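Below is one structure; the comments refer to it alone.
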């Protein structure tokens, strides 16, 4: 159970520290040798215990998981115990592993993220210092940095630019799920610190729509139910908006979480969802709330 009363049903398992790249944003803190990697059997045993404790989804991570020769075996073993298995990867070995198993490759990268990647590379090739507005530790931002071929800087908040001297040519790309108001504050500061300024608006229109929708909800509601994953960046921003407005926050990821929440002290409840929340889950939650109203 987390601080918001939600059942914890997901787990991340690091199956290796190794990676075929040496990107500084992953390795800047260094690595340490803990005496080898867990075997496929040991990872399966961990997944089995986790499943008994209520874990339904497991994400395999690293390092670079695909660097393990037995990665397919690991996935199959873990999948035998949970409903969903996912993996973080730099994708370098993905096509190779897929071909080995006779699989067809489908690139499911968000088109807005792909556009941001292309723009970051284009700006760097034109000689711009590329400023990435976003969360340094977020996978999308790490990916964007890998597309920049020259100087780059990640900025997460306006105050981080207080001692930055500036540059002659600055190009700006944002993590697609960033808060519109924060990005605007950063842009104003950057414009003052450069002569040649390029801003490429890479903010996801659907994310902006949810933020504007919540802004209107906050004018009427004294409590807000936010639907979305704990690991979703855009859902996290919605919860921050609710907290900043000093409204009662209820954060759930599935209809099952509703059973543990008491809405009695809320006179007007607003409902908003992150972009990654499945529509069928949202509909289930809405039906449950309608039933309780009656």
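Below are the figures for this structure:
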item	result
From 45, 79, 50, residue being outside the structural domain of residue 227 (by TED's automatic domain parsing), buried (at least 17 other Cβ atoms within 10 Å of the Cβ) and at pLDDT 90 or above	50
Filtered residue count, region 197-236, keeping only those that are surrounded by 17 or more Cβ atoms within 10 Å (Cβ to Cβ), in a helix (DSSP H, G or I) and in contact with a strand residue (DSSP E or B) (Cβ under 7 Å, 6 or more places away or on another chain)	4
Looking only at region 57-72, and only at residues there that are outside any strand (DSSP E or B) and surrounded by fewer than 17 Cβ atoms within 10 Å (Cβ to Cβ), the one that is modelled with the highest pLDDT	70
Of the criteria (1) under 19 Å from the mean Cα position of the chain (by Cα); (2) crowded, with 19+ Cβ neighbours inside 10 Å, which one residue 182 fails	(2)
Residue satisfying all of: in region 186-196; touching a strand residue (DSSP E or B) at 6+ places or on another chain (Cβ under 8 Å) and touching a residue at least 12 places away in the same chain (Cβ under 8 Å); surrounded by the fewest Cβ atoms within 10 Å (Cβ to Cβ) among these	195
Single match in 160, 149 (criterion: in a helix (DSSP H, G or I) and surrounded by fewer than 18 Cβ atoms within 10 Å (Cβ to Cβ))	160
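The values are calculated or read from the model by the stated rules, or taken from the named source; none is laboratory data. If you're wondering where the values come from, they're calculated on a predicted model, not measured in any experiment. Note: ideal-geometry Cβ built from the backbone for every residue, glycine included; neighbour counts use all protein chains shown.
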